[in-house]
1. Going by accessible area, probe 1.4 Å, with all protein chains left in place, what is the ranking of Lys14, Lys45, largest first?
2. Helix-only mean residue ellipticity at 222 nm, the chain, DSSP H runs n ≥ 4 weighted -39,500 (n - 2.57), per residue, nearest 500. What is it?
3. How large is the accessible surface per residue of region 44-142, computed with a 1.4 Å probe and reported in Å² as a whole number?
4. For Leu194, Leu39, give the ranking by accessible area with the largest first, probe 1.4 Å.
5. Over region 252-303, one equal point on each Cα, no solvent: what is log10 I(q)/I(0) by the Debye formula at q = 0.14, 0.15, 0.28, 0.32 Å⁻¹?
6. Could you work out the relative contact order of region 136-265, using alpha carbon pairs under 8 angstrom and six or more residues apart, expressed as a whole percent?
7. Rounded to the nearest 20 debye, what is the charge dipole size of the chain about its Cα centre when +1 sits on each Lys and Arg Cβ and -1 on each Asp and Glu Cβ?
8. In whole percent, and with a 1.4 Å probe on the protein chains, what portion of the accessible area of the chain is carbon and sulfur?
Amino acid sequence: MADLSVNICGVDFKNPVIPASGVFGYGREYEELYPLSKLGGIATKGTTLHRRNGNLSPRIAETPSGMLNSVGLQNPGIDYFISTELPNLLKKDTVILANFAGSTVEECVEAAEKLDDTDVHMLELNISCPNVKQGGAAFGTSCEMAAEVTSRVRKATKKPLVVKLSPNVTSIAEIAKAVEAAGADAVSLINTLLGMRIDVNTCRPVLKNNVGGMSGPAVFPIAVRMVWQTANAVKIPVIGMGGVSSGRDAIELMMAGASAVQVGAAVFTDPFAPVKIIEEMNDFLDSKGISSIRDIIGSVKAW
Ligand code: SIN
């Protein structure tokens, strides 16, 4: 057995595999299938200060080798998350990353203050949701706004702060540098790529929101490129995600510079995907005689 453990911002992960925010809810359905303690961590569905019903349906569409979603941050609100879901998750012997977002900087700050008063291990500030009119990607597509919201949230919490970045920008590395300078302890990327489909029989967009975020295996090479560019631009850890569906994909993203890997859309086609990915990563390391996953991080030999 290879050593799969990693340490990110002082937090120990038994392995680097984390179901991504939005595909795993609060773990309730998955704890019926396998012990959540097998996972390196869990990024919870994005919580906001107030309950949100999300966008109108249809809000999911299949695409070749991927999917579009326009969920719109549906969630029961941070007080419910803290009182009802977080206590259950904290019993699971895995790292919990509380993903949160806000329509305004003030809402992000207030949410961070509430989470700071809990035992959650890490915060993941989402400045990259493409499906909401206020906040979300509006914060994450300008260096100034990304830095402003990060620095205000930084002051509101002592917890390790991960900032989740949008790929819908000219240079994700520049946004990463801006949030690093503003106090982020780590960055996670990539959130979904803005996409659109049209029903040619009705001339209507497939999604009621017209546009949505694309994820799944089709976006994986973009994720590898952006993780590599970002890891070369910042000193803080990078958590990679975007179309990871096998242990080989996870290894590739770590070679590009990721210290851990989040698994998103793959969980919808196979709820066991994160557990299989952990096993496949271990098999890969054993087959190569590599004793620690940490030796893989950033090991790509670029031409
Ligand atoms: C959503 O709820 O719309 C997805 C979250 C995100 O893409 O950040």
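1. Lys14, Lys45
2. -8000 deg cm²/dmol
3. Numbers: 4010 Å² over 99 residues.
Heavy-atom accessible area per residue stands at 41 Å².
4. Leu194, Leu39
5. Listed by q, the Debye log ratios stand at -0.41, -0.47, -1.11, -1.20.
6. 21 percent
7. Numbers: 28 positive and 31 negative charges, 112 e Å.
Dipole about the Cα centre, nearest 20: 540 debye.
8. Answer for the chain is 52 percent, counting heavy atoms of protein chains only.
The values are calculated or read from the model by the stated rules, or taken from the named source; none is laboratory data. Everything quoted here is computed from the prediction, not taken from an experiment. Virtual Cβ from ideal backbone geometry, glycine too; neighbours counted across all protein chains shown. Accessible surface areas use protein heavy atoms only, side chains included; no ligands, DNA or RNA. Shrake-Rupley method; radii C 1.70, N 1.55, O 1.52, S 1.80 Å.
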